[in-house]
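Have a look at the structure below, then the notes.
The values are calculated or read from the model by the stated rules, or taken from the named source; none is laboratory data. Quick caveat, the model's predicted, so the values are computed rather than measured. Virtual Cβ from ideal backbone geometry, glycine too; neighbours counted across all protein chains shown.
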Amino acid sequence: MTEATEGGVSRRRLVKGLGATLGATAFGAALSPLFGGPKLSAEELMQRHYKELTPEDKQKVIERLQQEAKNAYGTDVSIGDQRPRPNTKFVYAINLSLCNGNGNCVEACNRENNHDRESNQSYIRVLEMPKGTMDMEKGSTTYTGTVPAEGKFYLPVQCQQCDEPPCVDVCPVQATWKEQDGIVVVDYNWCIGCRYCMAACPYHARRFNWQKPELAVRDVNPNQGYLSNRIRPQGVVEKCHFCLHRTREGRLPACLEACPTGARVFGNILDPESNIRWVLENKRVYVLKEELGTKPSFFYFFDK
């Protein structure tokens, strides 16, 4: 496994070495300045990579995270470890003839994923675009007034769940990877916050958690997933995960359910009877920045 380095010493080797010579409290305090974020507990520093955890290990980690959430936000949460469904490859498509820029998807993402309320964070950006181009750089996310505007169309952009994800290739500690159902995930407890993945993503789909999320008790979504919408720590990178805590259990993404125009289509491309399969077989679909060869699992189409 590739390991990040601090002054030429691998992160895990440094952790293990200090853990063997110092007490738990002492080595937790010793390592905190190295990673530039909030003080980490000994359990967090010694936690292994998600893929190395046994079911028993995962349960202990989840119980710790649930208790930390209760201590920080004053409410009980349930964190699941939802795994990919067999014979499934999730794909998303948006009908740009129907999207009118209302922004309900953005708000739903904010609520579903326990984003910080003050910053109004979301994994979705809706670009107001001049008709006749799919060039993201010509769009604006700061549009105001009545929508839809004359001569404009609206382009929602989020993680494209690429089959050739450049963000995964550049991660020095393998904190992000693509799973069997097509979803690119992040282990927030393994991420070191270097932001290489943000620089590599051509869709600007990743977000850095600059501060501890501020959430009132009433705003916390208690139904969470380890690799999805659990409350992320400060100092890590996060992204859309196709609401895997919902979709892997047979539900739809929150952004789709919130869309009032029916512009969003989601499903399993391996299912010949699925709506998404029909769209891809019967519509002229587009992908963003096709020339880069990232092979997105996110598509766009027009009715005409």
> Does PRO202 satisfy the condition of being at negative phi, assigned by TED's automatic domain parsing to the domain that holds ASN104 and surrounded by fewer than 20 Cβ atoms within 10 Å (Cβ to Cβ)?
Replying inline: yes
> Between a first residue in segment 283-304 that is within 16 Å of ILE94 (Cβ to Cβ) and surrounded by 13 or more Cβ atoms within 10 Å (Cβ to Cβ) and a second residue that is among the basic types (Lys, Arg) and at pLDDT below 95, which pairs have beta carbons less than 7 Å apart while being 6 or more apart in sequence or on different chains?
Replying inline: PHE301/ARG284
> Residues of segment 69-81 being surrounded by fewer than 17 Cβ atoms within 10 Å (Cβ to Cβ), at negative phi and of a type outside the set (Lys, Arg), which ones?
Replying inline: ASN71, ALA72, THR75, ASP76, SER78, ASP81
> Name the pairs: first residue in segment 132-151 and assigned by TED's automatic domain parsing to the domain that holds ASN102, second residue in a loop (DSSP other than H, G, I, E, B) and surrounded by fewer than 14 Cβ atoms within 10 Å (Cβ to Cβ), Cβ to Cβ under 9 Å, at least 6 apart or on different chains?
Replying inline: MET136/HIS204; GLY139/THR133; GLY151/LYS131
> So which residues in segment 91-104 are over 20 Å from VAL184 (Cα atoms) and surrounded by 14 or more Cβ atoms within 10 Å (Cβ to Cβ)?
Replying inline: ASN95, LEU96, LEU98, CYS99, ASN100, GLY101, ASN102, GLY103, ASN104
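Per-residue answers, yes or no, for (1) in a loop (DSSP other than H, G, I, E, B); (2) without any contact (Cβ under 8 Å) to a residue 60 or more places away in the chain:
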residue	(1), (2)
LEU155	no, no
GLN160	yes, no
TRP190	yes, no
MET198	no, yes
PRO213	yes, no
LEU227	yes, no
GLU238	no, no
> Going by the structure shown, is VAL61 under 30 Å from GLU249 (Cα atoms), in the same structural domain as LYS131 (by TED's automatic domain parsing) and either at pLDDT 95 or above or not β-branched (Val, Ile, Thr) (or both)?
Replying inline: no
>> Among the residues of segment 111-131, are any under 15 Å from the mean Cα position of the chain (by Cα), surrounded by 19 or more Cβ atoms within 10 Å (Cβ to Cβ) and in a helix (DSSP H, G or I)?
In response: yes
>> Going residue by residue through segment 209-221, is there one that turns out to be crowded, with 16+ Cβ neighbours inside 10 Å and under 12 Å from the mean Cα position of the chain (by Cα)?
In response: yes
> Of everything in segment 132-150 that's among the charged types (D, E, K, R) and part of a loop (DSSP other than H, G, I, E, B), which residue is farthest from the chain's Cα centre (by Cα)?
Replying inline: GLU150
> For the subset of segment 163-181 comprising residues that are under 13 Å from the mean Cα position of the chain (by Cα) and surrounded by 21 or more Cβ atoms within 10 Å (Cβ to Cβ), which member is farthest from MET129 (Cα to Cα)?
Replying inline: ALA175
